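The values are calculated or read from the model by the stated rules, or taken from the named source; none is laboratory data. Just so it is clear, the structure is predicted and the values come from calculations on it, not from any experiment. Don't worry about glycine lacking a Cβ; one is built from the backbone with ideal geometry, like all the others, and counts go over all protein chains shown. Accessible surface is based on the protein model in full, side chains and every heavy atom, while ligands, DNA and RNA are left aside. Shrake-Rupley method; radii C 1.70, N 1.55, O 1.52, S 1.80 Å.
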Amino acid sequence: MQADLGKNYFELFDLPVTFDLDSVDIASCYRALQRRFHPDRFALASEPERRLSLQLTAQVNAAFQTLKDPVARARYLLGLQGVDTGEDTDTAMDTGFLMEQMELRESLAEAREAADRHARLESLRQRVEGEFETRSARLRDCFALNSEPALRHARNLVREMQFLQKLAHEVDELE
Amino acid sequence: MALLQISEPGLSTAPHERRLAVGIDLGTTNSLVAAVRSGIADTLPDEQGRHLLPSVVHYRRGVDPEVGEAALEAAADDPLNTIASVKRLMGRGVEDVKRLGNLLPYEFSPGASAMPSIKTVAGDRSPVEISAEILRALKLRAETTLGGELSGAVITVPAYFDDAQRQATKDAARLAGLNVLRLLNEPTAAAVAYGLDQSAEGVFAIYDLGGGTFDISILRLNRGVFEVLATAGDSALGGDDMDHALADWMWQQAGLNEHADRKLQRRLLRDARAAKQALTEAATVAVQVLRPDGTVWQGEFTRATLVQLVDPLIDRTLAPTRRALKDAGLKPKDILDVVMVGGSTRMPRVQEKVEAFFGRKPLTTIDPDKVVAIGAAIQADILAGNKPDSDMLLLDVIPLSLGLEIMGGMVEKIIPRNSTIPTVRAQEFTTFKDGQTALLIHVLQGERDLVSDCRSLARFELRGIPPMVAGAARIRVTFQVDADGLLSVAAREQGTGAEATIMVKPSYGLTDDEIERMLRDSIAHASEDNSARNLREQQVDADRVLEAVQAALRADGEKYLSRDERTVIDAALAALHNVRTGTDLMAIKKAIIAVDTATQAFAARRMDASVRTALAGHRLDEFKS
């Protein structure tokens with residue numbers, strides 16, 4: 001006995017199955033669902049209702065984690081269309097992008113030791129964020145087109161954004 | 001057959017009955033119980049007007065154990081049978097206890113499970129059983145004061161408590177006959193007591209300096225969601241250390257030698273505590289020491305002396321505070337408010353130092369001993385359904401990552417720390433040998449990569465995998481963490497459709513058989529009629545089920561049930577209603593299960609429909625808030 005488990009995350013949140021979503025909308029749907037279904041609301045309810053509430057809230061939490069993060073959202077959306085981003089299995093990347101990544105990582109290593117560490121890290125962070133935003137905008141266009149070549153391109157963008165996200169995280173750690 | 005009365009939709013059968021629910025702060029040194037009465041949350045005193053119940057249990061031969069003040073008095077004469085600070089042992093394995101061993105005077109005996117027991121004249125007692133005695137005393141106090149049976153309790157636990165410690169706490173409550181509505185993190189409870197959940201967004205620090213422990217937690221409130229960002233502390237630092245520092249000073253001033261007797265030491269400690277408390281108001285306090293030779297030393301404590309003695313101890317709380325802030329990626333100035341918890345935060349010097357550190361005055365208007373219990377009571381009142389309009393929602397996160405052992409003694413994280421609960425995650429694993437038919441699943445909690453650095457929660461085997469070549473089996477391991485932070489793990493081989501599912505209870509915990517035995521023991525000890533009590537519990541359960549299902553039918557019965565389905569449910573309800581007043585325990589149990597089974601589809605349909613309404617209405621909600 002399970003509630004709603006056939007729905008995809010977008011349907012669960014009653015949002016259009018699209019990449020271009022407003023983070024405020026996602027968060028407000030999340031809060032509405034939590035307010036209604038959190039196990040705290042079923043503390044004295046019958047056993048089947050308590051079990052359903054637990055399953056449903058767990059699913060709502062998982063959906064929110066995916067939908068609020070643009071990279072996870074895009075990966076999930078591609079998955080719904082049968083496109084596997086294959087980060088674990090397919091490691092081939094665009095050479096230009098890889099060169100750029102290596103250069104960024106060298107800057108990160110240098111910044112760690114530098115006297116003006118904070119200034120360097122800040123400028124690095126801005127650069128990484130810029131690269132990320134550029135791809136995010138292109139991703140939006142790809143999903144709008146929704147053609148096969150556009151989705152193929154979207155797959156590459158998601159893989160690159162994953163790299164950038166990781167790098168941004170490492171910069172944050174050092175700051 | 002008595003027919004069940006069913007009222008017209010929209011007409012409630014009875015005026016809303018207030019359910020009795022309490023908040024319990026099960027502390028290391030002291031415990032409290034609180035309830036909301038006439039809209040005000042406060043702790044409940046015993047007949048002598050004392051709010052704090054010392055968390056001490058004194059076991060005696062042949063009679064029920066003493067709990068609280070009476071047990072504390074027995075500590076000096078009968079130390080081996082008087083158990084204090086049992087919270088430190090909750091959910092701990094034999095290995096952990098060995099590490100703590102030299103700090104505790106008790107004799108341990110290995111239990112049937114991995115959980116250690118303490119030898120007493122009344123037999124071996126596990127930390128869960130000892131905690132249950134404390135909870136039982138609080139439950140009795142609450143039921144006497146409030147004049148009725150409790151429908152449930154919210155019990156607080158430290159934010160850093162791992163799965164084992166939470167499960168042990170819940171087991172203790174079950175043993176004490178309490179229906180746990182929720183385990184709530186202590187810092188979250190303190191924040192609720194101050195109504196911070198009603199405030200705007202922000203980050204709060206909860207500074208908790210008790211008798212023997214110090215905890216600091218950084219909480220973020222984000223659109224009605226409380227999230228624990230970081231916790232740190234010192235499990236061997238508290239007000240007791242200050243008393244010792246003051247007593248040592250008196251000792252030196254009085255020129256006592258090393259070998260004075262225990263009685264004099266205890267008296268000095270008591271005088272030191274009194275002087276410390278008096279200095280909250282007074283500028284100086286006169287003290288005297290009666291030396292063993294009959295002469296008297298007279299002296300006085302000044303604020304300046306006190307500051308000199310306690311400052312090094314207070315400074316030791318600031319190191320974990322800095323660490324917690326760093327973990328949360330924050331600076332002291334980012335903190336919107338600081339909540340003071342624990343008796344030792346009454347000291348003006350502690351408040352001064354905390355204010356200097358954060359650059360703002362800490363919140364001290366609620367009694368720091370009671371604040372956690374009060375917050376728990378507010379939450380219990382809401383969970384019991386006494387405030388249907390309340391919008392408060394406390395979303396907790398798990399404090400530590402959960403994972404599995406993989407090849408090479410490494411840990412693969414399945415659920416990362418700070419994931420909002422409840423949560424479910426699944427991951428697929430495979431066999432690494434040809435023809436492998438079983439798989440050992442080792443569940444761990446912690447942030448480190450090596451198995452040896454994490455806390456082992458459970459080991460279990462998945463058997464009956466059909467023989468295949470290595471890597472062909474697909475074993476899906478599912479972790480589920482409920483709203484209390486408790487984990488269950490299931491594993492299933494799916495490749496061939498062959499299925500084997502095992503739910504585990506972490507290995508520290510008690511097996512259901514052990515709980516059964518303890519329930520029986522404790523009931524025998526409480527010299528109550530065993531079957532009468534069990535029966536009463538089943539009847540309360542039956543009432544809860546009847547009430548819940550009838551409310552659901554009144555609201556949505558017409559909408560989601562066919563005539564036939566309704567007949568089946570009504571029959572199950574009528575059957576339960578019939579046996580409920582009887583004395584056949586098993587019949588009531590079976591009737592409850594029958595109602596649960598009959599209402600499953602109904603519950604699912606209501607839930608589905610609610611999802612749609614919740615979302616249809618949510619934009620309106622946003623305007624209101």
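Residue pairs whose Cβ atoms lie under 7 Å apart, separated by 6 or more positions or on different chains, with the first residue in region A:158-175 and farther than 25 Å from B:Asp327 by Cβ and the second open to solvent by 60 Å² or more (accessible area, probe 1.4 Å), are A:Val158/A:Arg75. Being outside any helix (DSSP H, G or I) and either touching a strand residue (DSSP E or B) at 6+ places or on another chain (Cβ under 8 Å) or over 20 Å from A:Asp69 (Cβ atoms) (or both) is a property that does not hold for A:Thr85. Residue count for region B:376-404 satisfying the condition of being away from every other protein chain (no Cβ under 14 Å) and outside any loop (DSSP other than H, G, I, E, B): 3.
Filtering B:Ile465, B:Ile378 for residues that are within 30 Å of B:Val36 (Cα to Cα) and either free of Cβ contacts under 8 Å to residues at least 40 places away in the same chain or open to solvent by less than 70 Å² (accessible area, probe 1.4 Å) (or both) leaves a single hit, B:Ile378. Scan region B:534-578 for residues that are touching a residue at least 60 places away in the same chain (Cβ under 8 Å) and either closer than 20 Å to B:Leu20 by Cα or of a type in the set (S, T, N, Q) (or both) and the total you get is 5. Inspection of region B:417-429 finds a residue satisfying the criterion of being in a loop (DSSP other than H, G, I, E, B) and farther than 30 Å from B:Glu461 by Cβ. Only one of the listed residues (B:Ile155, B:Ile130) is under 15 Å from B:Thr82 (Cβ atoms) and open to solvent by less than 20 Å² (accessible area, probe 1.4 Å). That residue is B:Ile130.
There is at least one residue in region B:240-258 that is within 22 Å of B:Pro348 (Cβ to Cβ) and within 27 Å of the chain's Cα centre (by Cα). Residues of region B:603-625 that are at pLDDT 70 or above, more than 8 Å from chain A (Cβ to nearest Cβ) and either within 32 Å of the chain's Cα centre (by Cα) or under 14 Å from A:Arg51 (Cα atoms) (or both): B:Arg605 alone.
Just give me the residues in region A:44-76 being more than 7 Å from chain B (Cβ to nearest Cβ), under 30 Å from B:Val595 (Cα atoms) and among the aliphatic types (A, V, I, L, M), in sequence order. Matches in region A:44-76: A:Val60 only.
The single condition among (1) part of a helix (DSSP H, G or I); (2) surrounded by fewer than 22 Cβ atoms within 10 Å (Cβ to Cβ); (3) without any contact (Cβ under 8 Å) to a residue 40 or more places away in the chain; (4) not aromatic (Phe, Trp, Tyr) that A:Leu44 does not satisfy is (1).
Within region A:130-148, the residues that satisfy the criterion of being open to solvent by less than 90 Å² (accessible area, probe 1.4 Å) and out of contact with any Ser or Thr (no Cβ under 8 Å at 6 or more places or on another chain) are A:Gly130, A:Glu131, A:Phe132, A:Thr134, A:Arg135, A:Ser136, A:Ala137, A:Leu139, A:Cys142, A:Ala144, A:Asn146, A:Ser147. I'd like the residue in region B:583-614 that is hydroxyl-bearing (Ser, Thr, Tyr) and farther than 18 Å from B:Leu573 by Cβ and, out of all such residues, is most open to solvent (accessible area, probe 1.4 Å). Restricting to residues being hydroxyl-bearing (Ser, Thr, Tyr) and farther than 18 Å from B:Leu573 by Cβ, the top hit is B:Thr583. In region B:319-332, the residues that are more than 14 Å from chain A (Cβ to nearest Cβ) and touching a residue at least 12 places away in the same chain (Cβ under 8 Å) form Cβ pairs under 9 Å with partners that are assigned to a helix (DSSP H, G or I) and among the charged types (D, E, K, R), at six or more places apart or across chains, as follows: B:Leu325/B:Asp334; B:Pro332/B:Arg322.
Kindly establish whether B:Val296 is surrounded by fewer than 17 Cβ atoms within 10 Å (Cβ to Cβ), without any contact (Cβ under 8 Å) to a residue 12 or more places away in the chain and away from every other protein chain (no Cβ under 14 Å). Yes: the conditions hold for B:Val296. Looking only at region B:109-127, filter to residues that are at pLDDT 70 or above and either among the basic types (Lys, Arg) or more than 24 Å from the chain's Cα centre (by Cα) (or both); which one of those is surrounded by the most Cβ atoms within 10 Å (Cβ to Cβ)? That would be B:Arg125.
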